[in-house]
Amino acid sequence: MTLIIAEAGVNHNGSDDLAFALVDAAYRAGADIVKFQTFKAKNLVTKNAKQADYQVVNTGQKESQYEMLKRLELSYETHHKLVKYCNDLGIEFLSTAFDSESLSFLVDDLGITRLKLPSGEITNAPLVLEHARTGCDLIVSTGMATLSEIEQVLSVIAFGYMYPDSNPTSETLQSAYFSEQGKQLLKEKVTLLHCTTEYPAPFEDINLNAMDTMRDAFKLTVGYSDHSEGIVVPIAAVSKGAVLIEKHFTLDKLLPGPDHKASLDPLELKEMISGIRIVEQILGDGIKGPRPSEVKNKSIARKSLVASKPITAGECFCEDNLQVKRPGNGLSPYHYWDLLDTTATQEYKEGELING
């Protein structure tokens, strides 16, 4: 079954009450996981780093990334409360760590066993290595990445899993990546996410076929992190074999903040999850054959060989006295040519099914 991550991200706007309300909304919508973002603005950006264009548009104000992100931090105390609240509800808590301090907190203090590497951090080799050294399962988003960059991040992860107490070199990274142990660890513990890093992502840039390319290239399970508008794309991704879907959601798209406008509201999130569950059912097992619901219709919809006029015993079957009509519980029309010019062993009334 597709794992569905409801990405709350920073849509709590720094408010504890909103954070808990987002957990409630994710749970009610049927998500498997609700995900936040854990960071210290001082560790993430310089005080003069500029906002992305979409952040300026969506927040309605021009300021530094530091000022914006500082308002969006959640305290460690709130994190502890959120984890307990999620556990009580029965929905998994997940958060993305954007710096070493936050990563240590999530793993060592909160006991998180699954981690998410965001697209913007997959070239941050030291942080990637720290993630792998935790031994946790990793979800790796690949927005903006080439196949060679994905191979690079996977080599760091393989090395970190294999040698948690050592620092790598270019040679040892390659050796770990191509080793049987490294391949097996990646297969067991890593899920790649296709992603288009734009908010909202234009449909013409989604490129879902890249999921097949990644799956073929790396022999790993592949999911999809969606930033497009609406719910069509993530549902389509499931039909392409996505094992995990991540989608931003908010309580209100009109709230101030960088991600609200590109997020689903709670009703849309529920509709997306419902649509995904339907797609999972309709994909089936791939075996071509009559499905249970079809069997009862075979005799009604298909046809049999019937007598088009009275036939006496000993009379030859011919084109003039044979027809193909419903119902389909008699001799198959595929026997038509075999019967021609053979002798009837019994008498048939007009419209009677021909026996084998």
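Observations, loosely collected:
- Cα-Cα pairs of the chain separated by more than 34 Å (percent): 41
- For the chain: relative contact order, % (alpha-carbon pairs under 8 angstrom, 6 or more apart): 15
- When D165, D265 are sorted by how many other C-beta atoms sit within 10 angstrom of their C-beta, beginning with the fewest, the order is D165, D265.
- The chain: calculated mean residue ellipticity at 222 nm from DSSP helix runs of at least 4, using -39500 (n - 2.57): -11000 deg cm²/dmol
- Only Lys, Arg (+1) and Asp, Glu (-1) charged, at Cβ; the range 3-283 dipole about Cα centre in debye: 80
- Under-5 Å amide H pairs with I4, H placed in peptide plane, nonlocal only: D32, I33, I245
- Surface/4 of the Cα convex hull for the range 228-356, nm²: 12.1
- In terms of packing, defined here as the mean over residues of other Cβ atoms within 10 angstrom, the peptides 267-276, 15-24 line up highest first as 267-276, 15-24.
- Only one residue of A158, L208, A236 has its Cα farthest out toward the positive end of the dipole of the chain, where Lys and Arg carry +1 and Asp and Glu -1 on Cβ, and that residue is A236.
- With Cα atoms, 0 to 90° folded angle of helix 147-162 axis to the chain main axis: 70
- Remark: F218, F39, F249 ranked as F218, F39, F249, counting other beta-carbon atoms within 10 Å and listing the fewest first.
- Computed on the range 225-349, with alpha-carbon pairs under 8 angstrom and 6+ residues apart, the relative contact order is 20 percent.
- Gyration tensor (Cα) of the range 134-187, equivalent ellipsoid semi-axes in angstrom: 17, 13, 10
- Neighbour-count order for D226, D216, fewest beta carbons within 10 angstrom listed first: D216, D226
- The H on the amide N of D137, modeled in the peptide plane, is under 5 Å from the matching H of L115, each at least 5 residues off or on a different chain.
- Cut-off 12 Å between beta-carbons: net charge of the residues surrounding E352, Lys and Arg +1, Asp and Glu -1: +1
Every number here is computed from the coordinates shown, using simple stated rules; none is lab data. Everything numeric here is computed off the predicted structure, so don't read it as measured data. Neighbour counts run over all protein chains shown; Cβ positions are idealised from the backbone, glycine included.
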